[in-house]
Each structure stands twice: as C-alpha cells, then as structure tokens.
Amino acid sequence: MSSRRRKSTTNPQPDRVEETRDMPEQGVVSGFLSNNLIPVLIFLFALFLTLTFSNPALFLNDEWITVNQLHQLGEGHQVTVNEGKYGTFLNGTPGPYFQARHNLLGYTMMLPVLSLPALWFFGLFGDQFRLAIVLLWSFLPVAMAVLVDAYRPQYARWHGVRWIWLVIGAAFAGLLANLALYYPWPFTAPDAPIETAAVIFTNHLLFAALAVMIYLICRTLFEDTWFSIFGTIACISCSSYVFWAANAKDHMLLIAMTAAVVLFLVRYIRYGSLRDAALGFAFIGLLAWARPEVGFTVFVFAVLYYVALQVSRGLLQKRPVEAVRALCIPLATIIGAIPLLINNALVTGNPLVPAFYVYEKKILAGASGEEIIGAGEAVNGVVQSVPAPPGGISGFLSVLANHFSPSWSTLPGDIFGILFAPASGNMSLVAISPLIVLAIILLPVIYLDWRRGERPQNLAAVAFLAVIACAVWVAYIRSLPGLNASHGIVPDIRYLAPFYLPAGLLGVYAMSRFNGEYGSRKRTLLQIAVLAVSAPVLLVVMMLIHPTGAQYADYVMFFTRISFVLLAVTLILIAARKRFEISHAWIAAALLLLIAIPFAWQLMMVFLYSAAKFNGYPLWIPLVETLYDHFIVVSTPDLP
C-alpha cells in the first residue's frame with residue numbers, strides 16, 4: 001500500500017505524469033477520460049456484469065409496489081392507490097398482498113422517478129427494446145478495450161500480444177450469436193412487465209455508480225490505485241449488492257445514496273473542503289427520500305460526528321463568521337430532502353409524515369358510492385391524500401419515539417443471530433461479509449494504538465465509518481426481532497444491506513494493516529483470478545455434488561459453513577503470523593478465498609435462482625439464456 005500523505009493528492013501522481021508527459025493537449029472529454037479512466041472502466045464492467053447474469057423479473061412481492069408506482073406515474077395517474085397492473089387477480093380484485101395493505105402504495109417515489117428515463121428509453125424501441133440491451137452489452141467490452149488502448153497503452157499488451165483485439169473479436173462473436181438467438185419481448189401488451197425491466201435496469205445503473213463510489217472512497221482513504229481496485233472488489237464481493245442490483249427493490253438505491261454520503265464526507269474529512277461536506281449532507285437528504293428511517297438516523301449520527309470533528313479541529317478558535325459557516329453546513333440536508341418533503345405532502349398531506357404512514361392509518365375504501373374512510377381527499381373513489389397524524393410536532397416526535405424503541409429483552413440475542421445465525425435460517429451478515437469480523441477486530445486495535453500515543457492513519461475516517469455503521473443498525477433497532485426471525489427477510493438481512501458498505505471498508509482497512517506487505521497490484525490481479533475460477537467451481541460443486549443437500553436451506557448451509565471455516569482459518573493465520581513466521585502468501589490466499597465465497601453465493605442467487613422470479617422476462621442476453629436452458633436444470637424453487 002502506498003504511504004503517500006495528503007499533500008501528494010494535490011499534485012499529479014508519478015505514474016500519471018509519466019503517462020501524460022509527452023501527450024498532446026487534450027479536449028474536455030479526452031481529458032476527463034484520461035484522468036478518470038479507472039472509474040469509467042469500473043462503471044462499464046459493473047454494468048456488463050449485471051446485464052450478463054440477471055433477468056428483469058421480480059423476486060419479492062414487495063416489488064409490486066414500486067412497479068405499480070412507476071406504471072401509474074408513467075400514465076400520469078395518482079400514485080397512492082394501486083390501480084391493479086401488478087398483484088391483482090384477473091377480475092381486478094387485489095390479491096392477498098395488497099389486501100393486507102388496503103391496496104395502498106406506501107413507498108417513497110424516488111426509485112419510480114429515477115426509473116422513468118429507462119421506461120421512456122425502452123419505449124423508443126417498443127417490442128424490440130431487448131435489442132437495445134443486447135447491443136449495449138456487446139458494446140461495453142469493446143468500449144473498455146478501446147479506452148485502455150487509447151489512454152493506458154502499456155496495459156494493452158500481454159506478453160507482446162494486443163489482447164484488445166481478442167476482446168473485440170469475442171464481443172463481435174457474442175453479438176452475432178445473440179442476434180441468431182434473439183427474440184423480442186412484449187412491450188405494448190397491456191400486461192407487459194415493462195416497468196419491471198425499467199426499474200431493474202435503473203438498479204443496474206445504480207450498482208455501476210455504487211462500484212465507482214466505492215473505488216473513489218478507497219482511493220481517498222488509501223491513495224493507491226491498485227489497492228483501491230482490490231478494496232472495491234472486496235466490498236462488492238462481501239455483500240449482497242450484486243443480487244439487489246438484479247431486483248426491483250429499493251435496497252440498491254438506498255445503498256447507492258449511503259455510498260454517496262460516505263464518499264463526500266470522507267473526502268471532507270481528508271481534504272477539508274466545505275463543499276464536500278455540503279454535498280455529503282445534501283445526499284443525506286436524498287437518502288431520506290429513499291428510506292426516511294435510515295436518512296434520519298444517518299443525519300443525527302453524522303451531525304454529532306461533524307460537530308465533534310469541528311471542535312477537535314479548533315472550531316472554538318476560529319473567527320465567528322467561519323465558525324457559523326462551518327456549523328451551517330448540515331443545513332444542506334434540507335436541500336437534498338426537498339423531494340422527500342414534496343413526496344410526503346402529496347401522499348400524506350404533511351411534508352413531515354412519510355409515505356408509509358398510509359399503512360399505519362389502515363385506510364379502507366367503502367362500498368361503491370360511499371365515502372372513503374379516513375381519506376383527506378377522494379376523487380372518483382380514489383384516495384388523493386392521507387390525513388396527517390394529529391398533534392403537530394409533538395405527534396411527529398411521538399411517532400419517532402415509537403419507531404426507534406428497541407426490544408431490550410431480546411436485543412443481545414437478536415444482534416448475535418443477525419450477525420451469525422438468524423433464527424429464520426437465512427444468510428447471516430457475517431456469512432455474507434466476513435470483513436465485518438475484521439472490522440470489529442480493527443476497532444480495538446486502533447484504540448490501543450491511540451492509547452499508546454500512536455495516531456493511526458485515517459483515524460478520523462475510520463471513526464466516521466464506524467459511526468455510519470451504527471446509524472444503519474439504529475434505523476432498524478425496533479425491527480431487529482423480525483430481522484432475526486422473519487422468513488420473509490430473504491435472502492439475507494436485506495434491510496441492513498447498507499451496513500455492508502462501512503463494515504466492508506473497515507475490513508479492507510484492516511487487511512491493509514494486517515497484511516500490508518503484500519503488493520497491491522499482485523493482490524488485485526490474484527483476487528480477480530480467484531473470483532473468476534473459484535466462483536464457477538463452487539457453483540458446479542454445489543449443483544453436481546450437493547455437499548449439504550439440494551434445497552435452498554441446504555445451499556445456505558453450504559455457503560455459511562465454507563465462509564465460517566475460511567474466516568476461522570484466516571484469523572488463526574493472522575494471529576499466529578509473527579510467532580510462527582507464517583508467510584504472507586498463506587494469509588493472502590486465505591483472504592482471497594474468503595472474499596470469493598460471498599461472491600459465488602451472489603452469483604447463485606442472481607443466476608441460478610432467476611427461475612424463481614416472476615412478473616418479468618427471461619435473462620437479458622439471449623446467448624446466456626440459451627446456455628442456462630440447455631445446461632442448468634432448475635426444480636421448483638423452495639424459497640422461504
């Protein structure tokens with residue numbers, strides 16, 4: 001890992017100087033691509049990955065709410081009451097899911113609004129919109145190869161061979177195969193699930209943006225390009241982000257907004273720019289639009305941390321004008337929250353009352369011609385708004401107090417279960433992200449260093465990541481018993497998915513300390529190779545041998561056991577490294593395999609369990625769909 005300090009970031013990096021010294025003056029676009037080639041390549045590859053293995057269909061019935069909202073928004077209708085495209089019987093009667101929710105749509109409108117451009121884009125192609133995806137998929141590897149050849153030509157050859165021609169040839173062959181196997185998907189039919197495709201494609205784009213933001217966070221923390229690429233791979237592999245990128249739930253949106261908050265506030269911590277701080281708090285407002293409960297707790301924790309950081313950096317010694325300006329930065333949250341306030345006002349009639357309040361009121365429609373009980377306004381029997389709770393600010397505060405009241409008697413058991421062994425039998429947080437354990441070990445190590453008078457690098461940023469991790473847990477502290485025991489929380493503890501990000505970053509930081517002598521470039525290339533080999537091997541072993549059985553619960557047990565065994569081996573090697581002079585290569589190998597296990601689990605859920613999805617289309621890419629149909633036999637899914 002590079003040991004360059006903060007001052008080095010204000011000047012061009014040595015490798016970049018060598019690459020650009022003899023280059024002619026560049027235009028705006030060319031200069032941007034040259035200076036940001038790695039983020040651009042990461043975005044393109046992440047998008048290519050999700051398009052390759054996913055299909056635009058629904059995994060959970062909760063996704064009916066979002067796609068119904070998008071359908072009604074695209075039609076220019078109201079978005080409070082379900083009009084019945086998804087989740088209803090053929091005669092128009094709401095199904096059990098919407099009957100339990102009084103046929104109301106209680107999610108915020110952020111994801112449907114962001115998905116509108118994708119819906120309009122697909123509308124340009126009609127029933128041939130799949131062709132646009134096929135062409136995009138074929139173009140992505142070509143674009144990556146051409147960019148590398150144009151801006152980093154030293155990496156465009158392998159043992160003297162220009163590998164980019166192989167990539168371009170493979171992309172062209174893939175395009176021809178896809179065109180030969182291509183068939184259109186319905187778009188104009190009344191029941192065509194086009195909204196599903198639009199929302200999931202939007203989540204693909206959010207996932208690609210998330211990968212870029214994780215890289216930029218790592219680049220800010222470690223100031224080492226190769227190690228930052230490794231950190232990006234580790235954080236995405238040790239999470240459920242690839243899976244949620246292929247579904248229509250809002251978890252990917254929530255994770256992307258959390259990453260934006262972390263990115264800009266980490267940049268502020270490192271570089272001190274108030275503009276970065278303002279952008280970070282503005283994204284907290286947008287985070288609240290995605291999930292009000294998470295936005296609220298992240299805002300509270302971030303403000304407390306921000307004020308403490310200001311005091312530690314001499315706020316009381318600054319001029320009054322500078323101090324006031326610094327303390328006003330958190331008000332940027334209001335700017336980011338404007339869409340949320342408008343959303344709330346349109347749905348509940350009160351900008352401070354979130355949309356999910358419609359479920360709290362249990363609004364019921366009367367018989368034909370009767371008044372709608374509890375409705376603030378109704379037009380032709382359709383609810384237009386929902387009355388806000390009485391009591392003004394005091395009522396609002398009581399709602400907050402009720403929402404964040406934990407079950408103290410079960411709290412320790414719930415936390416342990418969620419981390420290691422959920423009562424529901426689903427994947428635990430640590431099984432999916434073993435980096436959590438490394439992060440937990442890191443914190444006392446850093447504290448002991450601080451007590452000895454040593455100030456670890458990035459101490460303030462590490463503390464901030466720990467604060468954000470705690471904020472995510474507090475957002476759902478009342479729901480922890482359900483997260484631990486509910487069989488509907490599948491396939492992982494999905495509401496805590498944003499927690500993987502700060503925990504993963506802390507785990508990567510721990511790896512840089514525990515095994516810092518291993519070359520970052522070699523480590524990154526080995527990690528890519530291990531992922532490319534071990535993930536398919538694990539899936540084949542799981543399908544052919546069935547080490548723990550052939551049901552979904554058996555697959556969960558299979559990946560959980562492998563993850564925990566490798567985690568134990570890794571911790572033993574790290575602990576015994578100095579005493580027994582264990583080679584760094586052994587530790588690195590254990591870490592690389594440990595990171596590969598959750599990635600293989602994600603591929604299983606995205607690719608193999610694509611047959612379990614509904615209200616959508618088959619796999620995006622015809623060639624991949626054909627291979628799936630011919631070589632993979634999927635029995636009736638038995639998900640909980």
- prompt: Looking at Thr188, Thr196, which is the one that is out of contact with any Ser or Thr (no Cβ under 6 Å at 6 or more places or on another chain), part of a helix (DSSP H, G or I), within 17 Å of Pro56 (Cβ to Cβ) and of a type in the set (Ser, Thr, Tyr)?
  reply: Thr196
- request: Determine which member of the set Val353, Val311, Val321 is over 20 Å from Ala503 (Cα atoms), out of contact with any strand residue (DSSP E or B) (no Cβ under 9 Å at 6 or more places or on another chain), β-branched (Val, Ile, Thr) and not in a helix (DSSP H, G or I).
  value: Val353
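Condition check ((1) among the β-branched types (Val, Ile, Thr); (2) under 18 Å from Ala198 (Cα atoms); (3) under 27 Å from the mean Cα position of the chain (by Cα)) across all residues:
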residue	(1), (2), (3)
Pro96	no, no, no
Val113	yes, yes, yes
Leu116	no, yes, yes
Leu124	no, yes, no
Check on Leu623, within 29 Å of Ser486 (Cβ to Cβ) and surrounded by 20 or more Cβ atoms within 10 Å (Cβ to Cβ): no
query: Out of region 116-139, which residues are among the aliphatic types (A, V, I, L, M) and surrounded by fewer than 20 Cβ atoms within 10 Å (Cβ to Cβ)?
result: Leu116, Leu124, Leu131, Ala132, Leu135, Leu136
message: Show me the helices (runs of 4 or more DSSP H) found entirely inside region 493-607 where at least 3 residues are under 22 Å from Ala246 (Cα atoms).
response: 500-514, 520-544, 552-575, 584-607
message: Among the listed residues Val40, Val67, identify the single one that is at negative phi, among the hydrophobic types (A, V, I, L, M, F, W, C), modelled with pLDDT of 95 or more and in contact with an Asp or Glu (Cβ under 6 Å, 6 or more places away or on another chain).
response: Val67
- line: Being modelled with pLDDT under 95, under 26 Å from Phe464 (Cβ atoms), surrounded by 15 or more Cβ atoms within 10 Å (Cβ to Cβ) and not basic (Lys, Arg) narrows Leu315, Leu346 down to just Leu315
- prompt: Are there any pairs, at least 6 apart or on different chains, whose C-beta atoms fall under 6 Å, with the first in region 343-365 and β-branched (Val, Ile, Thr) and the second modelled with pLDDT of 80 or more and not in a helix (DSSP H, G or I), and if so, which?
  reply: Val347/Thr80; Val347/Ala355; Val358/Leu104; Val358/Gly106; Ile363/His102
Residues being surrounded by 15 or more Cβ atoms within 10 Å (Cβ to Cβ), under 21 Å from Pro39 (Cα atoms) and among the small types (Gly, Ala, Ser) - total across region 140-172: 3
message: Out of Val606, Val556, I need the residue that is touching a residue at least 24 places away in the same chain (Cβ under 8 Å) and farther than 22 Å from Thr52 by Cα. Which one?
response: Val556
- prompt: Any residue at all in region 36-57 that is among the aliphatic types (A, V, I, L, M), touching a residue at least 12 places away in the same chain (Cβ under 8 Å) and within 22 Å of Val490 (Cβ to Cβ)?
  reply: yes
message: So Pro24 ticks every box in (1) modelled with pLDDT under 95; (2) closer than 23 Å to Thr220 by Cα but one. Which box is left unticked?
response: (2)
- prompt: Which members of region 569-617 meet the condition of being basic (Lys, Arg), over 30 Å from Tyr183 (Cα atoms) and either buried (at least 16 other Cβ atoms within 10 Å of the Cβ) or under 22 Å from the mean Cα position of the chain (by Cα) (or both)?
  reply: Arg577
message: Which condition from (1) surrounded by fewer than 20 Cβ atoms within 10 Å (Cβ to Cβ); (2) in a helix (DSSP H, G or I); (3) at pLDDT below 90; (4) not acidic (Asp, Glu) is the one that Pro481 breaks?
response: (3)
- request: Confirm whether Ala192 is without any contact (Cβ under 8 Å) to a residue 12 or more places away in the chain and within 30 Å of Pro112 (Cα to Cα).
  value: yes
message: Val142 - would you say it is in contact with a Pro (Cβ under 9 Å, 6 or more places away or on another chain) and part of a helix (DSSP H, G or I)?
response: no
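For (1) at pLDDT below 90; (2) loosely packed, with under 14 Cβ neighbours inside 10 Å; (3) out of contact with any Phe, Trp or Tyr (no Cβ under 9 Å at 6 or more places or on another chain); (4) not charged (D, E, K, R), each residue gets a yes or a no:
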site	(1), (2), (3), (4)
Tyr500	no, no, no, yes
Tyr509	no, no, no, yes
Arg523	yes, no, no, no
Gln527	yes, no, no, yes
Gly549	yes, yes, no, yes
Phe559	no, no, no, yes
Leu567	no, no, yes, yes
message: With the structure loaded, tell me whether Gln69 is among the polar types (S, T, N, Q), part of a helix (DSSP H, G or I) and surrounded by fewer than 17 Cβ atoms within 10 Å (Cβ to Cβ) or whether it fails that test.
response: no
query: If only one of Ala150, Ala170 is out of contact with any Ser or Thr (no Cβ under 9 Å at 6 or more places or on another chain), closer than 20 Å to Leu44 by Cβ and either small (Gly, Ala, Ser) or in a loop (DSSP other than H, G, I, E, B) (or both), which one is it?
result: Ala170
field: Residues satisfying the stated conditions in region 178-229, i.e. surrounded by fewer than 17 Cβ atoms within 10 Å (Cβ to Cβ), among the hydrophobic types (A, V, I, L, M, F, W, C) and touching a Leu at 6+ places or on another chain (Cβ under 8 Å)
entry: Leu181
message: So in region 442-458, with the set limited to residues that are not polar (S, T, N, Q) and not in a helix (DSSP H, G or I), which one is nearest to the chain's Cα centre (by Cα)?
response: Pro456
task: Please work out if Ala461 is part of a helix (DSSP H, G or I), under 19 Å from the mean Cα position of the chain (by Cα) and either surrounded by 17 or more Cβ atoms within 10 Å (Cβ to Cβ) or not aliphatic (A, V, I, L, M) (or both).
output: no
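The values are calculated or read from the model by the stated rules, or taken from the named source; none is laboratory data. Please read these numbers as outputs of a predicted model, since none were measured by experiment. Ideal geometry is used to build each Cβ from the backbone, glycine not excepted, and the neighbour counts take in all protein chains shown.
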